[in-house]
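The values are calculated or read from the model by the stated rules, or taken from the named source; none is laboratory data. All figures in this text were calculated on a predicted structure; none of them were measured in a lab. In this analysis, Cβ positions are derived from the backbone assuming ideal geometry, glycine residues included, and neighbour counts consider all displayed protein chains.
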């Protein structure tokens, strides 16, 4: 593991994003626009907007970084640059950590923009501070990135990689409690929801946005998200092979 | 000339641990393959293949497409899975982490970032190999791309992209360069220049294994490995091939070897 190589990898990914300003703009603008849309969809039910919108500010980066990371890594595989990297003195962790730093920075910008729109312009309220939602959003973005890097190994084309979003992200969104409280779901789904990392990400966001005093439960949620991120990265490292058929 | 080459070899060897031992091996053979078998997709692509490549030489790996040239090169680089037999590279087993700094590999399809500029690509790989900006300028000059630093690779022609990929592989001054069809799609002038570059690198002590399916490039090589259907038909030199077959044209000489149908002993 080398800091020089890690930082070089992060810089390279950021330069790739900079070379594609449209993608960078979309990454920041789309969640903001969707949040505005949501605000007017729930025009006559501001309580519902608050209930869904506030935690959603911290979930958008999860969804988008999942997609961006899986496609970036897939490209790395299909264009042969991953194979070249694997023949060079570069540790797999250097590459993954480089991705983490680059996407973490992007997620920070994205989360900052979404939180500014949600909590400043649209009047959403976070009982324990919008900054806490922003921090959780960055952690969730890294979780999304790690899952995206891992599942990209199972896609051969970008078309397949895009399909993993409805396959991996949507069920977690449905079961995490954002739309319907988990206790109201069928018992089997409730049990399954305990095994999905986004459940904990949402739980933390809920605690940050609701008035109830913060407890150690928030810390547990965050630890589960961090552990799931580390686990997905470890699985992702296993899919980076030095030798291929 | 020979003296300076030896001095250079010694300087290279002294920079790495276990110097004397490695120098002795490198001078003898840079690549030693014994009884190599490779299975891809349930098919035996290479079968009981043995060969040696001398250090400090340009060896041409020739044969029709699909004969296993790329698989053999991948086995030597150490990226090929399901390999049995012995593959020794610069005195170490192929795929050893210690070799990653010492081998440059250029795949058939240019493996560089199409969305980055030439300079951004080389800067990234230079950081990985821990070499400086002066080395980037050197390799760009060698492949004839000085002045193209700011161009985005995706906007360049196929031949130019191939040269960016080649420049990347040369960054770390590798002792062994494995080049898979590096001159495909290049104009004759540039091809000529690249072959001269290859020999220049060999004079400095590097070993080059260059694949091609164009027989007229065989004349530019110090040594030849002729392959067909996963086996080495002949390990020879351009002169040796001409003498053995009585054909002056190397393409026809290769065809003559194929007709005898017997792999080299």
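Per-residue answers, yes or no, for (1) outside any helix (DSSP H, G or I); (2) free of Cβ contacts under 8 Å to residues at least 40 places away in the same chain; (3) assigned by TED's automatic domain parsing to the domain that holds residue B:73:
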residue	(1), (2), (3)
B:167	no, no, no
B:178	yes, no, yes
B:185	yes, yes, yes
B:189	no, yes, yes
B:192	no, yes, yes
B:202	no, no, yes
B:209	yes, no, yes
B:232	yes, no, yes
B:235	yes, no, yes
Task: Subset of region B:132-143 that is over 24 Å from residue B:73 (Cβ atoms) and surrounded by fewer than 20 Cβ atoms within 10 Å (Cβ to Cβ) - its residue that is farthest from the other protein chains (Cβ to nearest Cβ) - done: B:141
TODO: Scan region B:91-110 and give yes if some residue there is more than 8 Å from every other protein chain (Cβ to nearest Cβ), touching a strand residue (DSSP E or B) at 6+ places or on another chain (Cβ under 6 Å), in a loop (DSSP other than H, G, I, E, B) and closer than 20 Å to residue A:18 by Cα, otherwise no.
DONE: no
- [ ] Take the residues in region B:100-131 that are under 23 Å from residue A:92 (Cα atoms) and in contact (Cβ under 8 Å) with a residue 60 or more places away in the chain, then tell me which one is surrounded by the fewest Cβ atoms within 10 Å (Cβ to Cβ).
- [x] B:101
Open item on the list: Can you list the helices (runs of 4 or more DSSP H) lying wholly within region A:14-104 that have 3 or more residues being in contact (Cβ under 8 Å) with a residue 40 or more places away in the chain and either more than 14 Å from chain B (Cβ to nearest Cβ) or surrounded by fewer than 18 Cβ atoms within 10 Å (Cβ to Cβ) (or both)?
Closed with: A:21-41, A:46-56, A:60-78
Task: Residue count, region A:140-171 (criterion: within 16 Å of the chain's Cα centre (by Cα) and either more than 16 Å from residue A:56 (Cβ to Cβ) or crowded, with 23+ Cβ neighbours inside 10 Å (or both)) - done: 21
- [ ] Inspect all residues belonging to region B:151-166 and state whether any of them is away from chain A (no Cβ under 13 Å) and farther than 20 Å from residue B:109 by Cβ.
- [x] no
Task: Boolean, residue A:129 is in contact (Cβ under 8 Å) with a residue 12 or more places away in the chain and buried (at least 22 other Cβ atoms within 10 Å of the Cβ) - done: no
Task: Meets criteria (crowded, with 21+ Cβ neighbours inside 10 Å, in contact with a helix residue (DSSP H, G or I) (Cβ under 6 Å, 6 or more places away or on another chain) and farther than 19 Å from residue B:50 by Cα) for residue B:245 - done: no
